[in-house]
Amino acid sequence: MKQAFSLLELAFCIVILSFVFGFYYLIFANKSFNVIHFNQILFNEEKELFKENPLYRAKEININGYDFLEYTSDEFKFKSLKIKDLSYKKAFIDEKSF
């Protein structure tokens with residue numbers, strides 16, 4: 001009788017633990033999948049920004065006499081600087097020049 005009672009007790013413990021961990025999955029693990037999806041969207045937008053996609057706004061800026069194009073994304077407010085022309089190479093021909 002005592003062995004049957006402990007077996008029944010063990011079965012109830014397993015059922016209770018499965019409910020606890022099941023609710024844990026529904027509450028916490030589901031949110032982590034949303035974060036993973038959000039990070040994937042973030043990564044894709046960053047990748048498109050580095051490709052100089054024409055959908056992003058390009059603005060010309062001048063820094064220390066060199067012309068740059070600043071690309072800005074709308075959703076995450078990323079900014080990327082690209083050199084507009086190769087005029088900077090004249091100043092950095094070799095190590096002695098700077």
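The values are calculated or read from the model by the stated rules, or taken from the named source; none is laboratory data. Here the structure is a predicted model, which is why all the values come from computation and not from measurement. Neighbour counts are summed over all protein chains in view; Cβ atoms, including those assigned to glycine, are modelled from backbone coordinates with ideal geometry.
In this structure, does residue 77 turn out to be modelled with pLDDT of 70 or more, out of contact with any Asp or Glu (no Cβ under 9 Å at 6 or more places or on another chain) and not in a helix (DSSP H, G or I)? Yes.
Residues checked against (1) in contact with a helix residue (DSSP H, G or I) (Cβ under 8 Å, 6 or more places away or on another chain); (2) part of a helix (DSSP H, G or I); (3) at pLDDT below 75; (4) more than 30 Å from residue 81 (Cβ to Cβ):
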residue: 7; (1), (2), (3), (4): no, yes, no, yes
residue: 14; (1), (2), (3), (4): no, yes, no, yes
residue: 21; (1), (2), (3), (4): no, yes, no, yes
residue: 27; (1), (2), (3), (4): no, yes, yes, yes
residue: 41; (1), (2), (3), (4): no, yes, no, no
residue: 47; (1), (2), (3), (4): no, yes, no, no
